[in-house]
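Presented below is the structure to which this report refers.
The values are calculated or read from the model by the stated rules, or taken from the named source; none is laboratory data. The shown structure was predicted, so the numbers you read here are calculated from the model rather than taken from an experiment. As a convention, Cβ positions derive from the backbone with ideal geometry for all residues, glycine included, and neighbour counts pool all protein chains shown.
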Amino acid sequence: MKHFAFVLLTWLPVVVFAQPFTLTIQPVLHGQAIRPDADFPLKNGDTIQFETFRCYVGQFVFLKDNQPVFEEKQYHLVDFETEKSMNITFKGLDASTDFDALQFNLGVDSLTTASGVMGGDLDPSKGLFWAWQSGYINVKIEGNLRNAQRHDFEYHLGGYLSPFQSARQVVLNAHHSKSRALNIELAPFFQADVAAQQRKIMSPGAPAVRLMAILAHSITVHE
């Protein structure tokens, strides 16, 4: 009887459960991950401190040879104060699925914004929604820069109506076995003239559009 049970167990097929693909979104400054309220020395002797970094990413498309192999239509709120929010797991995408490019939106697109009140990460209670006329805050960056004096900065970047549509589509070369993280490099953002001259942007407009474009171009793929 014991022999029969052993034969039965060895005959049963081994079930291997697929592992979903997880992508980490990490804001960095000169390649170093930023943390809430931590001091980051700059090359010119100044010190910068980040109190808030929040952004929307979504409408992910994974491609192979320019053809979609997986799509996810929802949006995710990334908040560097909540590590869980920085790790996006795509439950319908197997970690072994082959892809060579990744497409997504930084910020909430106009069609979604105009569709009315949303739930989940897009719920207005999350604190990143101005009003129906202005839409979502796509990226919120707050903190201070210190040299001889302290200079607070607040960047609430949004806008979905023409000509100040601020959400940006990002397309990156990627590979399923190596592309496990997206770094959002903030150095070009703070080196931009508009950020240096305007330390407070709280409404849609050309400055917000320009800074969103700089952020979108500063996203890179990492293992």
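Descriptive notes on the structure:
- Among the residues of the range 1-49, those that are over 30 Å from V61 (Cβ atoms), aliphatic (A, V, I, L, M), at pLDDT 80 or above and part of a loop (DSSP other than H, G, I, E, B) comprise A38, L42.
- Which listed residue is acidic (D, E), in a strand (DSSP E or B) and closer than 25 Å to V221 by Cα, from E154, E142: E142
- Failed criterion for G205 (all others in (1) more than 30 Å from L63 (Cα to Cα); (2) out of contact with any Phe, Trp or Tyr (no Cβ under 8 Å at 6 or more places or on another chain) hold): (2)
- In the range 101-116 there is at least one residue matching the filter, namely being at negative phi and in contact with a Cys (Cβ under 8 Å, 6 or more places away or on another chain).
- L182 vs. criteria part of a helix (DSSP H, G or I), surrounded by 15 or more Cβ atoms within 10 Å (Cβ to Cβ) and touching a strand residue (DSSP E or B) at 6+ places or on another chain (Cβ under 7 Å): no
- Residue list for the range 53-72, restricted to those being buried (at least 16 other Cβ atoms within 10 Å of the Cβ) and either within 14 Å of Q169 (Cβ to Cβ) or of a type in the set (S, T, N, Q) (or both): Y56, V57, G58, Q59, F60, V61, L63
- Any hit, the range 159-169, residues being part of a loop (DSSP other than H, G, I, E, B) and exposed (fewer than 13 other Cβ atoms within 10 Å of the Cβ): yes
- Qualifying residue in the range 147-154 (condition: more than 18 Å from the chain's Cα centre (by Cα), more than 19 Å from I88 (Cα to Cα), modelled with pLDDT under 95 and of a type in the set (A, V, I, L, M, F, W, C)): yes
- Single residue of D152, D100, D123 found to be surrounded by 14 or more Cβ atoms within 10 Å (Cβ to Cβ) and among the acidic types (D, E): D100
- Of the residues making up the range 193-223, those that are of a type in the set (G, A, S) and in a loop (DSSP other than H, G, I, E, B) are S203, G205, S218.
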